[in-house]
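Here's the structure we're looking at; comments come further down.
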Amino acid sequence: MTYSPTATGPGQEGYWGDVYGSSSVENQFPVGEWKSRDGKYTGNLGTSKFYPIVNKETGDIAVVKVGDGENTTIGTISAEDGDFKSIEGATSQAENYFFNLPENAAKVTNFALNIAQQEYDALGAAAQSGTGNPNGLINPNNNIAGFSVEQAGDAGVDESFPADVGTIGDGYTDTKKIEKTTGGIIIFPSGLENNGQDYIEFASLEYTPKTVSSSGGSVGFKASKQLENKTVLKRVILPIPGGITDTNAVDWGQATMTAADIAKSDIALAALEKGGEGFSDAVEGAGGTIQKNAKGIKEALTKRLAGAITGTNDQLMKREGQVMNPNMELLFNGPQLRSFGFTFKLSPRTKEEAKNIQKIIFCFKQAMAPVATEGNLFLKSPNTWRIRYMTPQANNHKFLNKFKECAMMSSTVNYTPDGSYATYSDGSMVSYQLTVNFQELEPVLGQDYDELPDDSIGF
């Protein structure tokens, strides 16, 4: 029997009995433009929104489309095999293809499970004893539906096209090409490497201190290796999250220098640069300035002396509407180091993806931890990071900012991002929220832009 949003009791057509879920806004999800993970199918569901309803008895999921006046069930996902079954006359061709794709059916199933688990956890003990735990009810065998062209329709998807997409690693030379078999790269979600999607790459690097340089007419600290030439210990590849920003800032501050300060500075500089002769000339010049402004200086000194005696300081001058010219100016103090934060919602669809999430979290935590030297006398710096926005062909994304070498400042994992504790049968969490924060090791300088191509957006 197909679920009906309007059936409210037994005997009514489409009545499912007790269910988890509702048409509440927080349970609705949009699709918009979409592309299959392998890039073979694509479509556009526009502004349509959908929500899942879960049968408490069977674990079957109804996919309901939100309408202007009436909501319509467009298909169901079987708890037994994870297969999406369309409804003749209710399911469009584009919807048929979208929900028949295994990755999409799995996403809807996980979303429905989260909703059902939250509602189950909110029940009292008595109510819970009378119904099954959604974790064991929804697709208990972790079945993933296969894609059936026959079931979805022979004519193809609205606006469908075979996508010509590259894979992560296409743009690398033989020495740089990513080899998944080495264990040096962790990718989430599965299939990201060949679905034609932009991604963000976090490459863990061994920290190498800068060396002191005072040759060649320059003094400072010089990197032992350029960032692109450093040895990569491990790569983590994730989809680019929302909310990415960059902020470039420098420090300016106001400063003052009165006429007396200027005179003293001139005398001190002349003495340091030219010795006694310079000191005499500077004093003589200051004396000439005093003679030309003798009346004003005498009045100022008199009032400042009186203010010092009475504790009123410069009030006597200020009450006459004048102060010593402070020669105030905004002066450059130095650059500021940039910080970046990224938040990822990681929801595994398979055991392999759950394992990869575990590896990613472990990698970030381990890389940011300092290492004690033999004898525990010293602590070595944690690993640093090379961060890059990349295209599917493994090229730097020219429309997003570049990064300098970064240090990881913090890593936060939320194991219950949906507000309730929920796991799969093997104990892995249904969802994780990972937040990582970085700060660049050195400031961005003007000459850094000279080394970039003209079509780059820069740092």
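Overview of results
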{"read-out": "Set Leu377, Leu346: member being modelled with pLDDT under 95, under 27 Å from Glu103 (Cα atoms) and of a type in the set (A, V, I, L, M)", "value": "Leu346"}
{"read-out": "Exclusive hit being more than 30 Å from Thr350 (Cβ to Cβ), in contact (Cβ under 8 Å) with a residue 24 or more places away in the chain and part of a loop (DSSP other than H, G, I, E, B), set Gly17, Gly11, Gly69, Gly82", "value": "Gly17"}
{"read-out": "Members of segment 419-449 found to be farther than 20 Å from Gln336 by Cα, over 18 Å from the mean Cα position of the chain (by Cα) and either assigned to a loop (DSSP other than H, G, I, E, B) or free of Cβ contacts under 8 Å to residues at least 12 places away in the same chain (or both), listed by number", "value": "Gly419, Ser420, Tyr421, Ala422, Tyr424, Ser425, Asp426, Gly427, Ser428, Val430"}
{"read-out": "Criterion: under 22 Å from Val430 (Cα atoms) and surrounded by fewer than 19 Cβ atoms within 10 Å (Cβ to Cβ) - qualifying residue of Glu80, Glu88", "value": "Glu80"}
{"read-out": "Filter pass, Thr58 being in a loop (DSSP other than H, G, I, E, B), outside the structural domain of Ala116 (by TED's automatic domain parsing), more than 31 Å from the chain's Cα centre (by Cα) and surrounded by fewer than 19 Cβ atoms within 10 Å (Cβ to Cβ)", "value": "no"}
{"read-out": "So Glu95, is it acidic (Asp, Glu), over 17 Å from Val19 (Cβ atoms) and modelled with pLDDT of 85 or more", "value": "yes"}
{"read-out": "Any hit, segment 359-378, residues being part of a strand (DSSP E or B) and assigned by TED's automatic domain parsing to the domain that holds Asp418", "value": "yes"}
{"read-out": "For Gly75: the one exception among (1) buried (at least 21 other Cβ atoms within 10 Å of the Cβ); (2) modelled with pLDDT under 90; (3) of a type in the set (Gly, Ala, Ser)", "value": "(2)"}
{"read-out": "Test for Ser411: is it out of contact with any His (no Cβ under 8 Å at 6 or more places or on another chain), part of a loop (DSSP other than H, G, I, E, B) and assigned by TED's automatic domain parsing to the domain that holds Val436", "value": "no"}
{"read-out": "Which numbered condition Glu26 fails, given (1) at pLDDT below 85; (2) surrounded by fewer than 18 Cβ atoms within 10 Å (Cβ to Cβ); (3) outside any loop (DSSP other than H, G, I, E, B)", "value": "(1)"}
{"read-out": "Residue list for segment 91-100, filter: surrounded by 24 or more Cβ atoms within 10 Å (Cβ to Cβ) and over 16 Å from Pro52 (Cα atoms)", "value": "Ala94, Tyr97"}
{"read-out": "Residue list for segment 29-55, restricted to those being in a strand (DSSP E or B), among the hydroxyl-bearing types (Ser, Thr, Tyr) and touching a residue at least 60 places away in the same chain (Cβ under 8 Å)", "value": "Thr42"}
{"read-out": "Lone qualifier among Pro209, Pro189 - being part of a loop (DSSP other than H, G, I, E, B), at pLDDT 75 or above and surrounded by fewer than 19 Cβ atoms within 10 Å (Cβ to Cβ)", "value": "Pro209"}
{"read-out": "Test: residue in segment 59-68 that is at pLDDT below 85 and touching a helix residue (DSSP H, G or I) at 6+ places or on another chain (Cβ under 8 Å)", "value": "no"}
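Here is a yes/no grid of residues against (1) closer than 16 Å to Tyr207 by Cα; (2) at pLDDT below 90; (3) of a type in the set (Phe, Trp, Tyr):
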position	(1), (2), (3)
Leu331	no, yes, no
Gly341	no, no, no
Glu352	no, yes, no
Ile361	no, no, no
Met368	yes, no, no
Pro382	yes, no, no
Asn396	no, yes, no
Leu400	no, no, no
Phe403	no, no, yes
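The values are calculated or read from the model by the stated rules, or taken from the named source; none is laboratory data. A quick note: this is a predicted structure, and the numbers were derived from the prediction, not measured. Glycine also receives a Cβ, built like all others from the backbone with ideal geometry; neighbour counts cover every protein chain displayed.
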